[in-house]
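Contents: one structure, followed by commentary.
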Amino acid sequence: MPSNRGENIRMPTSDTLRELIHRAAQGDREAMDQLLGLHRARLRRMVAIRMDPRLSARIDPSDVVQETLAEASQQLPDYLDRRELPFYAWLRELAWTRLVDLYRFHVLAQRRSVNRETDWIGLSNDSAMGLAEQLAASISTPSERFAKADLKDRIHSALSRLSTQDREIIVMRHLEQLT
């Protein structure tokens with residue numbers, strides 16, 4: 001779980017993004033680097049939230065982000081020609097594909113049986129507790145803090161009862177800061 005789970009990641013303005021995309025499309029290498037760099041922290045948070053806990057002993061989220069940005073740098077001219085997705089959505093898709101590939105390589109590389117596979121897509125237990133902490137973070141008075149542990153447990157329990165899609169919406173909104 002990222003250490004900055006309760007912090008907001010500063011997002012570039014849409015004007016800044018439009019200008020950088022325009023300059024990058026003109027071949028401005030500095031604009032390309034800035035465009036990719038602006039999303040590093042946001043991608044790292046997404047990767048840390050989404051990474052299967054079994055991978056964390058072998059792979060650091062920063063390495064996944066670095067590999068994603070290197071791939072994005074190579075594919076950027078093609079993206080700039082097409083622009084089928086918003087820029088961050090395109091980067092997020094590249095990072096997600098990298099996570100899936102790493103999961104397949106490190107977790108599913110052994111003999112597979114239907115009984116051994118687990119549903120890892122979504123929230124790990126640590127991520128669910130992190131989301132519960134963030135949602136309960138506004139509590140500040142001493143009497144409210146006393147009830148915070150119980151509230152976190154209730155939020156965690158409620159999250160575990162949601163469908164995968166509903167949990168995904170909450171994760172994307174509160175942890176990945178998507179609209």
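Of all residues in region 155-176, none that is closer than 17 Å to Tyr88 by Cα has its Cβ atom under 7 Å from the Cβ atom of a residue that is exposed (fewer than 13 other Cβ atoms within 10 Å of the Cβ) and among the hydrophobic types (A, V, I, L, M, F, W, C), 6 or more apart or on another chain. For region 40-54, filtering for residues that are aliphatic (A, V, I, L, M), over 13 Å from Arg98 (Cα atoms) and touching a helix residue (DSSP H, G or I) at 6+ places or on another chain (Cβ under 7 Å) leaves 1. Within region 55-80, being over 11 Å from Leu43 (Cα atoms), touching a helix residue (DSSP H, G or I) at 6+ places or on another chain (Cβ under 8 Å) and either at pLDDT 90 or above or of a type in the set (Phe, Trp, Tyr) (or both) holds for Glu67, Glu71, Ala72, Ser73, Gln75, Leu76, Tyr79, Leu80.
If you filter region 28-54 down to residues that are modelled with pLDDT under 90 and assigned to a loop (DSSP other than H, G, I, E, B), you find that the one that is surrounded by the fewest Cβ atoms within 10 Å (Cβ to Cβ) is Asp52. Being open to solvent by 70 Å² or more (accessible area, probe 1.4 Å) and without any contact (Cβ under 8 Å) to a residue 40 or more places away in the chain is a description that applies to Glu19. Contact map, region 85-103: residues that are closer than 14 Å to Leu55 by Cα and of a type outside the set (A, V, I, L, M) paired with residues that are open to solvent by 30 Å² or more (accessible area, probe 1.4 Å) and not in a helix (DSSP H, G or I), Cβ distance under 8 Å, separation 6+ or inter-chain. Pairs shown: Tyr103/Trp120.
The values are calculated or read from the model by the stated rules, or taken from the named source; none is laboratory data. Keep in mind the model is a prediction, meaning the values are calculated, not measured. For neighbour counting, all protein chains shown are included, and Cβ atoms are generated from backbone atoms with ideal geometry for every residue, glycine included. Note: areas computed on protein heavy atoms with side chains; ligands, DNA, RNA excluded. Shrake-Rupley method; radii C 1.70, N 1.55, O 1.52, S 1.80 Å.
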